[in-house]
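Colleague: Dropping a structure here in structure tokens format, bear with me for questions.
Values in this text are rule-based calculations from the coordinates and carry no lab data. Predicted, not measured: the structure shown is a model, and the values here were computed from it. Positions of Cβ are generated from backbone atoms using ideal geometry, with glycine treated the same way; all protein chains shown enter the neighbour counts.
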Amino acid sequence: MKTVLIGLGNIVLSDEGIGVHAINVIKQRCTFEPPVEVVDGGTLGLDLLSYFEGKDAVVIVDAVNFNREPGFISILRDEEIPSTINMKLTVHHIGLSDILSSLRLLGKSPKQIILVGIQPESLEMGLEMTHTLKSRLKEVVDTTIEQLKEIGHRCVSQSPQR
């Protein structure tokens, strides 16, 4: 099974960087059997297309506006994830929905896409996440690992670094 785990977000916009922070914790905590490619997707936009193509499963971690209270965590799968191309002011506004829409147009969507999302509290400039999201980071990580387990990947603890 070809699976990629992608953390999305901009780490200089406080809670927006949760996806990147989560995959960094996962990389320190686990290796997976069978292997999972772990990618810091940051704000790469359409440059991420190649990571989706030819994959059986893609698991994404990101800050998502669910219009709920800050720290709310939810899982979206496949067609539940919005995939529309919207008007953008610049190419830097290209997001996950644009990537998914492009993949569908090209007929290159992965067999399975899972989005682990958390409602941000702040998207203000800053390298630190809010207390609300810091306190939920472990749950985001555990939820992501559980989703990988459900599709057939076992987390094996990392050896201590020397």
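Colleague: Let me spell out the model: positive unit charges on the Cβ of Lys and Arg, negative unit charges on the Cβ of Asp and Glu, origin at the Cα centre of region 11-75. What dipole size does that give, in debye rounded to 20?
Modeller: 160
Colleague: Oh, and also: Using the Kirkwood radius over C-alpha pairs as Rh, can you work out the diffusion coefficient of region 36-77 via Stokes-Einstein at 4 °C, viscosity 1.567 mPa s, in µm² per second?
Modeller: For these conditions, the coefficient is 104 µm²/s.
Colleague: If you don't mind, another one. Can you compute the helix-only [θ] at 222 nm over the chain? Use -39500 (n - 2.57) per DSSP H run of at least 4 residues, normalise by all residues, nearest 500 deg cm²/dmol.
Modeller: -9000 deg cm²/dmol
Colleague: Charges only on Cβ, +1 for Lys and Arg, -1 for Asp and Glu: so what's the dipole of region 3-157 about the Cα centre, in debye to the nearest 20?
Modeller: Computed charge dipole of region 3-157: roughly 240 debye.
Colleague: Here is a further query. Using +1 at the Cβ of each Lys and Arg and -1 at the Cβ of each Asp and Glu in the chain, identify which of 100, 115, 32 lies farthest towards the dipole's positive end.
Modeller: 32
Colleague: While we're looking at this one, here's another question. Quote the convex hull volume per residue of the chain, based on C-alpha atoms, as a whole number of Å³.
Modeller: Spelled out: Cα convex hull of the chain, divided by residues, is 120 Å³.
Colleague: Report the number of Lys pairs in the chain whose alpha-carbons are under 22 Å apart, with separation of 8 or more residues or on distinct chains.
Modeller: So the count works out to 14.
Colleague: Test of understanding: ordering 69, 37 by Cβ neighbours within 10 Å, fewest first, what list do you get?
Modeller: Ordered by Cβ neighbours within 10 Å, fewest first: 69, 37.
Colleague: Projected onto the charge dipole of the chain (+1 at Lys/Arg Cβ, -1 at Asp/Glu Cβ, origin at the Cα centre), which of 1, 137, 12 gives the Cα projection farthest towards the positive end?
Modeller: 1
Colleague: Using 7 Å Cα-to-Cβ label points, what is the residue 12/residue 139 separation (nm, one decimal)?
Modeller: Result: 3.1 nm between the two label points.
Colleague: Ok, one more. So, in nm, how far is label residue 105 from label residue 1 when the simple model puts each one 7 Å beyond its Cα toward the Cβ?
Modeller: For the pair residue 105/residue 1, the computed spacing is 3.1 nm.
Colleague: Just to be sure I understand the model, the point goes 7 Å from the Cα along the line to the Cβ. What's the resulting residue 151 to residue 49 distance in nm?
Modeller: Each label point lies 7 Å from its Cα, and together they span 2.1 nm.
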